1. Restricting to DSSP loop positions (anything but H, G, I, E, B) with no more than 10 other Cβ atoms inside 10 Å of their own Cβ, which GluC sites (Glu not before Pro) remain in segment 77-167?
2. Is the chain rounded, prolate or oblate when judged by the Cα gyration tensor, a ≥ b ≥ c being the square roots of its eigenvalues, rounded requiring a/c under 1.5 and prolate requiring a/b larger than b/c?
3. Using modelled backbone amide H atoms (1.01 Å from N, in-plane), which distant-in-sequence or interchain residues come within less than 5 Å of residue 106's amide H?
4. What are the aspartates and glutamates whose alpha-carbon lies under 19 Å from the alpha-carbon of residue 337, with same-chain residues fewer than 8 places away excluded?
5. How large is ³J(HN,Hα) for each residue in segment 214-226, as worked out from phi by the Karplus curve 6.51 cos²θ - 1.76 cosθ + 1.60 (θ = phi - 60°), to whole Hz, x for Gly and Pro?
6. Farthest toward the dipole's positive end in segment 29-80, which of 48, 78, 60, given Cβ charges of +1 (Lys, Arg) and -1 (Asp, Glu) about the Cα centre?
7. Run the quick spin-label model on residue 218 and residue 290: label points 7 Å from Cα toward the beta carbon, then report their separation in nm to one decimal.
8. Among the trypsin sites (Lys or Arg not before Pro) within segment 65-131, which fall in a DSSP loop and have no more than 11 other Cβ atoms within 10 Å of their own Cβ?
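All of the numbers you see were taken from the coordinates with simple rules; none came from a lab. Quick caveat, the model's predicted, so the values are computed rather than measured. Reconstructed Cβ throughout: ideal geometry from the backbone, glycine too, with neighbour counts over all protein chains shown.
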Amino acid sequence: MKYGVLGSCACVLGVGKVHAFTHGFSEKTDDLWKWSKLSKYYIDTPRGVKCLICPNECVIKEGETGDCKSRINYKEKIYSIGYGNPCSLHVDPIEKKPLYHFLPESKAFSLAVAGCNLACLNCQNWQISQVGPKETRNYDLMPPEVYKQAQNYKCRSIAYTYSEPIAFYEYFYDSAKIAKQNGIKNVMVSAGYINERPLREIAQYVDAANIDLKSFDDEIYARLNAGKLQPILDTLKVLKDEGVWLEITNLIVPEWTDDLDMIKRMCDWLYKHGFEDYPLHFSRFSPLHKLTHLPSTPVSVLNNAREIALNAGLKYVYIGNVPGSDAQNTVCPKCKKIVIERKGYRILQNNIVNGKCKICNTTIAGVWN
């Protein structure tokens with residue numbers, strides 16, 4: 001049976017049992033529903049209980065949720081109410097994440113729980129990211145079942161995606177741990193807005209990540225995304241330090257993040273801090289959510305951004321959301337020949353053998369097998 005969900009990422013899998021999460025607690029027993037789990041990251045303060053998962057560090061009053069809408073104060077403790085409670089399930093090509101240098105042509109079992117700790121004006125999945133688990137139709141899918149479903153659909157990885165996996169950290173963590181123990185890899189698609197301690201803990205079970213580096217300006221982060229730049233830069237450093245394969249996405253939004261001087265500063269920072277081998281994806285903006293009055297990003301701006309990145313020393317720079325663009329292909333940084341040719345999410349040819357260019361034997365950074 002197929003079930004629909006609220007939001008743009010409809011489920012197409014006959015997985016689990018759908019339920020309407022109408023209340024976080026049982027009215028008869030005053031106990032938490034089974035779709036909740038105690039958080040490891042919070043402290044008591046004179047102003048109330050403070051959540052320590054992300055840099056928002058929300059002080060949450062009794063019965064209320066934090067900014068992410070998925071963490072609640074219940075009897076002076078913080079619980080996640082998105083545990084085993086996904087609103088969206090899908091089998092995706094790994095290239096959709098986008099991850100171009102990680103197990104190409106493989107499938108990822110993708111899931112999301114409602115909620116996000118940012119509030120981007122340009123969010124493409126706002127129907128599920130800008131609401132909490134109480135406002136979506138959800139599936140009863142506990143962590144052991146996540147692994148089993150990934151196995152059933154012959155997926156080599158599980159992708160925590162569509163919304164923000166930091167908001168459903170406990171479910172993400174437990175599912176990833178079980179998957180890792182059973183030989184299935186884990187993929188984190190995230191804005192990277194997380195504190196260092198929980199990030200280092202979950203990084204032990206994450207094999208690859210695509211992190212949205214939304215801009216290189218703190219004021220823009222505050223006005224466009226309700227966040228700060230430095231925590232994302234710290235996340236990139238931590239993931240690199242922990243040995244997680246990393247790819248970075250930068251959505252170029254007209255009038256917001258299309259300043260080429262800012263893009264150059266971003267690329268120079270990435271090169272300076274040792275990210276030259278990690279792919280950078282410049283993604284085309286489409287008018288969505290609260291920015292429907294803006295035009296789509298001109299392709300010329302995307303091409304200019306790519307040239308800036310390549311000139312800065314970054315080896316693998318791609319353009320996304322532009323069908324037919326040659327900038328979807330992976331080019332060997334030495335011989336300049338195409339080593340992976342793509343059309344959309346399909347691989348037309350793959351000339352990487354044992355992690356090296358088949359033509360000139362140059363190592364191509366990535367996780368290939």
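1. Working: sites: 95, 105, 135, 145; in loops: 105.
Sites meeting the loop and neighbour criteria: none at all.
2. Since a/c reaches 1.5 and a/b is larger than b/c, the shape of the chain is classed as prolate.
3. Those lying under 5 Å, H to H, from residue 106 are 94.
4. 276, 277, 307, 326
5. With the stated coefficients, segment 214-226 comes to 6, 6, 10, 8, 5, 5, 5, 4, 5, 7, 8, 10, 6 Hz.
6. My answer, from the dipole projection, is 78.
7. For the pair residue 218/residue 290, the computed spacing is 2.1 nm.
8. Working: sites: 69, 71, 75, 77, 96, 107; in loops: 69, 75.
Qualifying residues, ordered by number: 75.
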